1. Conditions first: (1) open to solvent by less than 20 Å² (accessible area, probe 1.4 Å); (2) touching a residue at least 24 places away in the same chain (Cβ under 8 Å). Phe67 passes all but one, so which condition is the exception?
2. Among the residues of region 71-85, write down those that are touching a strand residue (DSSP E or B) at 6+ places or on another chain (Cβ under 8 Å) and open to solvent by 20 Å² or more (accessible area, probe 1.4 Å).
3. Considering only region 88-101, state which residues are within 13 Å of Trp35 (Cα to Cα) and open to solvent by less than 50 Å² (accessible area, probe 1.4 Å).
4. For Val113, indicate whether it is part of a strand (DSSP E or B), touching a helix residue (DSSP H, G or I) at 6+ places or on another chain (Cβ under 6 Å) and either surrounded by 12 or more Cβ atoms within 10 Å (Cβ to Cβ) or not hydroxyl-bearing (Ser, Thr, Tyr) (or both).
5. Give me the pairs: first residue in region 1-28 and exposed (fewer than 12 other Cβ atoms within 10 Å of the Cβ), second residue not in a loop (DSSP other than H, G, I, E, B), beta-carbon distance under 6 Å, and six or more apart or on different chains, which are they?
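The values are calculated or read from the model by the stated rules, or taken from the named source; none is laboratory data. For clarity, every value in this text was computed on a predicted model and none was experimentally measured. For neighbour counting, all protein chains shown are included, and Cβ atoms are generated from backbone atoms with ideal geometry for every residue, glycine included. The accessibility values were calculated without ligands, DNA or RNA, using every heavy atom of the protein model including side chains. Shrake-Rupley method; radii C 1.70, N 1.55, O 1.52, S 1.80 Å.
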Amino acid sequence: VQLAESGGGLVQAGDSLNVSCTASSTGREITLMGWYRQVPGGEERELVATTAIRGRINYGASVKGRFTISRINDTVVLQMNNLKPEDTNIYYCAAGLSHYTIDYWGQGTQVTVSS
């Protein structure tokens with residue numbers, strides 16, 4: 001499975017931006033798709049939003065109410081509203097074959113929010 005990301009870029013605080021990701025599948029069902037970003041000052045990645053087959057959606061605490069994730073087939077879109085400078089980060093598309101694991105990662109797309 002390969003994940004192709006698009007979107008991202010430079011915006012001002014308060015603006016909106018979309019990032020999208022399409023999975024090229026080898027015929028396997030991709031249960032979970034979503035987005036993660038780097039934890040500030042660390043190497044771990046934190047949850048931004050994920051959506052699973054049969055509608056389970058999860059958001060990170062810092063983006064809840066501002067970001068919306070949606071999925072059509074094997075394309076997932078993250079709509080980011082009211083962006084803040086602290087949202088500046090590399091956003092990684094993620095996909096999992098179950099609800100509980102991330103099996104594939106995209107290359108990442110840069111989102112920069114200026115104050």
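1. If we test Phe67 against (1) open to solvent by less than 20 Å² (accessible area, probe 1.4 Å); (2) touching a residue at least 24 places away in the same chain (Cβ under 8 Å), just (2) comes out false.
2. If the condition is that a residue be touching a strand residue (DSSP E or B) at 6+ places or on another chain (Cβ under 8 Å) and open to solvent by 20 Å² or more (accessible area, probe 1.4 Å), then Arg71, Asp74, Thr75, Val77, Gln79, Asn81, Lys84, Pro85 are the ones that fit.
3. Correct list: Asn89, Tyr91, Tyr92, Cys93, Ala94, Ala95, Gly96.
4. Yes.
5. Gln12/Ser114; Ser24/Gln2
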